[in-house]
1. Quick one: A:T78, B:T66, fewest Cβ neighbours within 10 Å first, how do they rank?
2. With springs connecting C-alpha atoms under 10 Å apart, model chain B as a Gaussian network and identify which of B:K91, B:K45, B:K108 has the largest mean-square fluctuation.
3. What percent of all Cα-Cα pairs in the stretch A:31-94 falls into each 10 Å bin, going from 0 up to the bin containing the maximum distance?
4. Taking a label point 7 Å from Cα toward Cβ, how far is B:S110 from its twins in the other copies, in nm, shortest first?
5. Which of the lysines could be linked to A:K108 by a straight reach, that is with a Cα gap under 20 Å, when you skip same-chain ones fewer than 8 residues away?
6. Against the longest alpha carbon principal axis of chain B, how many degrees, from 0 to 90 and to the nearest 10, is the axis of helix B:4-17 turned?
7. Using helices alone, what [θ] at 222 nm do you get for chain B, with -39,500 (n - 2.57) per DSSP H run of 4 or more residues, divided over all residues and rounded to the nearest 500?
8. Return the equivalent ellipsoid semi-axes of the protein assembly as shown as a descending list in whole Å, where each equals the square root of 5 times an eigenvalue of the C-alpha gyration tensor.
Number of protein chains: 2
Amino acid sequence: MEHDLKELINKCDLAIKKEDLDTLMNYYTDDAVLVVKPGMIARGKVEIKKAFIAIAEYFNNSIVPTQGEMTILEAGDTALVISQTLLAADKNDSEYSMDRRATYVFKKNSNGEWLCAIDNSYGTDLINK
Amino acid sequence: MEHDLKELINKCDLAIKKEDLDTLMNYYTDDAVLVVKPGMIARGKVEIKKAFIAIAEYFNNSIVPTQGEMTILEAGDTALVISQTLLAADKNDSEYSMDRRATYVFKKNSNGEWLCAIDNSYGTDLINK
C-alpha cells in the first residue's frame with residue numbers, strides 16, 4: 001500500500017491540475033505557509049488560494065505537477081516529505097526550475113488526517129547553493 | 001534579536017561539540033527521528049543518543065558543527081529550518097559532505113519551547129540529485 005501521504009500529495013497535484021482550489025485548501029492547515037517563490041510567502045488559506053490562482057495564470061492555466069522519487073520521514077504526528085516535484089506547463093520560460101527537490105511538512109490532526117503545514121517546493125535552494 | 005530557533009540550534013551545535021548528549025537530548029521530541037546517513041534512521045532519544053556517540057567516534061571525537069545561511073519557515077507550532085550546516089573535524093575522508101544543506105523540523109510544545117522532531121542534515125540529497 002502506498003503511504004497515506006503519497007496518496008494525499010497525488011490528490012493535491014490533481015486538484016492543482018484541475019484548478020479545484022477549494023478542494024486543495026482542505027489539505028492545508030489553517031496556519032499553513034506556502035513558499036510562492038524564494039522571498040515570497042503566502043500564509044493561511046486565503047493567501048495560499050490567491051497564490052495558486054496567480055501561479056495557475058503564470059503558467060497559462062496549464063500546470064500539471066507530478067512527483068518522482070520521494071522519501072517520507074515521519075515522527076509521530078509530524079512528517080517531512082522530500083520529493084522530486086516535476087512541473088509541466090505550456091510555458092517554457094519560467095524563472096524557476098520545473099524539476100525541483102521539494103520539502104513539504106505535514107501534521108496529523110485529531111482525526112488522524114494529514115494536512116500540509118509548510119509547502120516549500122524550492123527545498124534547500126532557498127539558501128545559497 | 002535572533003530567532004529562538006537559531007539560538008536553539010546554536011545550543012545543539014555546542015552540545016554536540018562538547019559531547020554533552022544528555023543536554024542535547026533535551027532538545028528533541030520523544031518520537032524524534034535523526035537521519036544518521038541516507039538509509040539509516042535513529043528513532044527516539046535512546047537511539048538518537050547512541051547514534052551521536054557513534055557519530056562522535058566516527059569523527060575522532062573532534063566534530064564541530066556550525067550553521068551558515070539559514071531560512072526559517074514557521075507555521076504555528078511547526079517550523080522548517082533550512083540551513084547550511086558545516087561540519088569540521090580531524091577527519092578528512094568522510095563519505096558524506098561536510099558542507100550540507102540541511103532540513104530540520106521543530107515543534108513547539110505546550111510550554112512554548114521548540115523541540116526538534118526531524119533532524120535531517122542531508123536535506124534533499126536523500127533523493128536523487
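Read the figures in this text as sums done on the coordinates, not as results from a lab. Every value quoted in this text rests on a predicted model; they were computed, and no experiment measured them. Note that we place each Cβ from the backbone using ideal geometry, even for glycine, and neighbour counts take in every protein chain shown.
1. Ordered from fewest to most neighbouring Cβ atoms within 10 Å, A:T78, B:T66 come out as B:T66, A:T78.
2. Highest fluctuation of the listed residues: B:K91.
3. Result returned by the calculation: 18, 38, 38, 6, 0.
4. Here B:S110 shows inter-copy label distances of 1.3 nm.
5. Within reach: A:K6, A:K11, A:K45, B:K107, B:K108.
6. 30 degrees
7. On the way: 3 runs with 34 residues, N = 129.
It lands at -8000 deg cm²/dmol.
8. With the √(5λ) rule applied to the protein assembly as shown, the semi-axes are 33, 19, 16 Å.
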